[in-house]
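Shown next, in structure tokens, is the structure this report addresses.
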Amino acid sequence: MIRIDPHIHSVYSGDARGTPSEILRRASAIGLDAVAVADHNTMKGSIIALRESRGMEVTVVPAMELSTSAGHIVALGIQEEIQRGLTPAETLDAIHDQDGAAIIPHPFVRYRQGLFVNERNIRVDGIETLNSRYIVGYSNWRARKFARKRGIPEIGASDAHFVEAVGSSFTLVDSEGEADDILHGILKGKTEPAGSRTPLPLIVREVINKKFLGRMRNYV
């Protein structure tokens, strides 16, 4: 079984602190086999992570988290950036045209642009049913119930915005360790979410960090 954290943010998201190199070192230290740096609307962090992972025992699955017209979608296994602001259907087509997997993060949370708040009747490849950044468990429970009812693969992810949160939740995938193998295992539904919630002090740090960054942008 491969342990992958498939939804991590780096400094290139604009609201996170870890560099790709720091994320990789953290992943290696805690025993993750693979990661996906899924920054908001850019593959820059993912591309750097791919380059810096050479010679390491941590596989990098290329990714980005896309802002569609109705909510967020994590694109796993893509090779080229996809335009933000497309409809969910257009975004899914663009991901699948690159033989990638479309994962819905925090699907039912309005303030985090959860896609299923606005759109549910679309073909997706996985749903985060264990997202670490929930203070209470209701949203994960609701996502898990939805995924099992529809037979959609379940994904665990840290959604980390600080390096210390990397791997707090992750996905066990019955696959070999290469990126293509991991992606194939996810698409086949050979997944099991694992881990726990992000410690509350890290969530508080993130809230403070985002408020600070927001104020700084207002002065620019």
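The values are calculated or read from the model by the stated rules, or taken from the named source; none is laboratory data. None of the values given here were measured: they were computed from a predicted structure. Cβ placement follows ideal geometry from the backbone for every residue including glycine, while neighbour counts extend to all protein chains displayed. Accessible surface areas use protein heavy atoms only, side chains included; no ligands, DNA or RNA. Shrake-Rupley method; radii C 1.70, N 1.55, O 1.52, S 1.80 Å.
Here are a few things to note about the model shown:
- Residue ID - most open to solvent (accessible area, probe 1.4 Å), chosen from residues in segment 9-52 that are among the acidic types (Asp, Glu) and under 21 Å from Gly195 (Cα atoms): Glu22
- Where a residue in segment 184-201 is among the polar types (S, T, N, Q) and its partner, wherever it lies, is not in a helix (DSSP H, G or I), with Cβ under 6 Å and at least six apart: Thr191/Pro153; Thr191/Glu154; Thr191/Thr171; Thr191/Val173; Thr198/Ser132; Thr198/Arg133; Thr198/Ser168
- In segment 1-14, the residues that are under 16 Å from Leu183 (Cβ atoms) and in a strand (DSSP E or B) form Cβ pairs under 7 Å with partners that are open to solvent by 10 Å² or more (accessible area, probe 1.4 Å) and among the aromatic types (Phe, Trp, Tyr), at six or more places apart or across chains, as follows: Arg3/Phe170; Ile4/Phe170; Asp5/Phe170.
- Condition check for Phe170: under 13 Å from the mean Cα position of the chain (by Cα), more than 20 Å from Thr68 (Cβ to Cβ) and aromatic (Phe, Trp, Tyr): yes
- Scan segment 58-76 for residues that are open to solvent by 20 Å² or more (accessible area, probe 1.4 Å) and on the phi > 0 side of the Ramachandran plot and the total you get is 0.
- Scanning segment 15-46 for residues that are in a helix (DSSP H, G or I) and either over 14 Å from the mean Cα position of the chain (by Cα) or not aliphatic (A, V, I, L, M) (or both) returns Pro20, Ser21, Glu22, Leu24, Arg25, Arg26, Ala27, Ser28, Ala29, Lys44, Gly45, Ser46.
- Restricting Arg120, Arg84, Arg144, Arg112 to those that are among the charged types (D, E, K, R), at pLDDT below 95 and within 18 Å of the chain's Cα centre (by Cα) reduces the list to Arg112.
- Scan of segment 77-93 for residues that are part of a loop (DSSP other than H, G, I, E, B) and surrounded by 15 or more Cβ atoms within 10 Å (Cβ to Cβ), ordered by number: Gly77, Ile78, Glu81, Ile82, Arg84, Leu86
- If the condition is being out of contact with any Lys or Arg (no Cβ under 8 Å at 6 or more places or on another chain), more than 12 Å from Ile2 (Cβ to Cβ) and small (Gly, Ala, Ser), then segment 166-200 contributes Gly189, Gly195, Ser196.
- Applying the set (1) open to solvent by 20 Å² or more (accessible area, probe 1.4 Å); (2) modelled with pLDDT of 95 or more to Gly55 leaves exactly one unmet item: (2).
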